[in-house]
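Step one of this worksheet: look at the structure below.
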Ligand SMILES: [Zn+2]
């Protein structure tokens, strides 16, 4: 298990490894659904370096029930 950079859940886990062994690993968080690749910048993969403005509080996730509509094609 890994710590989710966005919501700090300890439940994140490995989803996939790169076809070329050791190039990268993909992780996903089952709490906030954030997904990241190990080779991304640490500001996207590290809980302590993730932009605080984009952090998600786990208590707020059940309240996020409204999904914005997709705009009509022009
Ligand atoms: Zn998360």
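For residues that are outside any loop (DSSP other than H, G, I, E, B) and within 14 Å of the ligand (Cβ to nearest atom), scanning just region 8-25, find the one that is surrounded by the most Cβ atoms within 10 Å (Cβ to Cβ).
Top of the filtered list is 12.
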*Return only the number of the condition from (1) modelled with pLDDT under 95; (2) within 12 Å of the ligand (Cβ to nearest atom); (3) in a loop (DSSP other than H, G, I, E, B) that residue 70 does not satisfy.*
(2)
_Residues of region 27-47 classified as without any contact (Cβ under 8 Å) to a residue 24 or more places away in the chain and surrounded by fewer than 16 Cβ atoms within 10 Å (Cβ to Cβ), total_ = 10
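Could you list all residues from region 26-39 that are part of a strand (DSSP E or B) and within 9 Å of the ligand (Cβ to nearest atom)? Break it down stepwise before answering.
To start, the set of residues in region 26-39 that are part of a strand (DSSP E or B) comprises 26-28, 35-37.
Within region 26-39, 28 is the sole residue that qualifies.
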*So how many residues does region 38-74 have that are within 25 Å of residue 14 (Cβ to Cβ) and out of contact with any helix residue (DSSP H, G or I) (no Cβ under 8 Å at 6 or more places or on another chain)?*
16
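The values are calculated or read from the model by the stated rules, or taken from the named source; none is laboratory data. Predicted, not measured: the structure shown is a model, and the values here were computed from it. Cβ coordinates were reconstructed from backbone atoms using ideal geometry, including for glycine residues, and neighbour counts include every protein chain displayed.
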